[in-house]
């Protein structure tokens, strides 16, 4: 098993410059790079205040931490690996207190549970690319009614793979590719649309 240590930094908001440490057991952790994250949060700059955030496949936790640092109301992070979830809790609870909830669970199974923090305004879907999890996660969010009208959903995938299918009512409002990454931001339609 490959074990490596690394860090990512929060690039904006009240905790700008704060480093988050992570241990990657198995080599499957791929934190969003600074450039793509900067692009994403430029897209979201007027959309974060008081948002209720869900970070599926949380990994390093940097997407949720970035959103909270920039004014999101609270964030739920779902991470399958228990050790990684415990590490997220250890690092992020002191920064964000009662605004952050860490769930050690399989994301697709967790989406079928009764979720007290739902529905969400903003969701990050950045799973390991080779597992085919983005499409079923998007479908489950819609099927389980976990999104508010006008919610935003960020989906990251491998650039040269077919883009993950999302519910037909979602509108892609932003898209960018860089390196091996395709970043797409979708908006769920307002209720009356």
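A few comments on the model shown:
- Qualifying residue in region 129-144 (condition: closer than 16 Å to residue 188 by Cα, in contact with a strand residue (DSSP E or B) (Cβ under 9 Å, 6 or more places away or on another chain), at pLDDT 95 or above and outside any helix (DSSP H, G or I)): no
- Test: residue 184 is surrounded by fewer than 15 Cβ atoms within 10 Å (Cβ to Cβ) and more than 21 Å from residue 79 (Cβ to Cβ): no
- Filter pass, residue 105 being more than 14 Å from the chain's Cα centre (by Cα), within 19 Å of residue 149 (Cα to Cα) and touching a residue at least 12 places away in the same chain (Cβ under 8 Å): no
- Residues of region 160-193 satisfying the condition of being assigned to a strand (DSSP E or B), in contact (Cβ under 8 Å) with a residue 12 or more places away in the chain and farther than 22 Å from residue 107 by Cα: 171, 172, 173, 174, 176, 177, 178
- Residues (surrounded by fewer than 24 Cβ atoms within 10 Å (Cβ to Cβ) and within 17 Å of residue 45 (Cα to Cα)) located in region 74-111: 74
- Scanning region 149-165 for residues that are on the phi < 0 side of the Ramachandran plot and more than 16 Å from the chain's Cα centre (by Cα) gives 149, 159, 160, 161, 162, 163, 165.
- Check on residue 124, surrounded by fewer than 22 Cβ atoms within 10 Å (Cβ to Cβ), at pLDDT 95 or above, touching a strand residue (DSSP E or B) at 6+ places or on another chain (Cβ under 7 Å) and assigned to a strand (DSSP E or B): no
- Some residue of region 55-73 being surrounded by fewer than 17 Cβ atoms within 10 Å (Cβ to Cβ) and either modelled with pLDDT of 85 or more or assigned to a helix (DSSP H, G or I) (or both): yes
- Of note, residue 151 does not satisfy the criterion of being within 23 Å of residue 73 (Cβ to Cβ), in contact (Cβ under 8 Å) with a residue 12 or more places away in the chain and in a helix (DSSP H, G or I).
- Long-range neighbours under 6 Å by Cβ, at least six apart or interchain, first residue on the phi > 0 side of the Ramachandran plot and surrounded by 14 or more Cβ atoms within 10 Å (Cβ to Cβ) within region 6-31, second in a loop (DSSP other than H, G, I, E, B) and at pLDDT 75 or above: 13/70
- Of the criteria (1) modelled with pLDDT of 90 or more; (2) under 26 Å from residue 139 (Cα atoms), which one residue 37 fails: (1)
- Only a single item in (1) in a loop (DSSP other than H, G, I, E, B); (2) modelled with pLDDT under 95 is not met by residue 157, and it is number (1).
The values are calculated or read from the model by the stated rules, or taken from the named source; none is laboratory data. In this text, all values refer to a predicted model and were calculated from it rather than measured experimentally. As a convention, Cβ positions derive from the backbone with ideal geometry for all residues, glycine included, and neighbour counts pool all protein chains shown.
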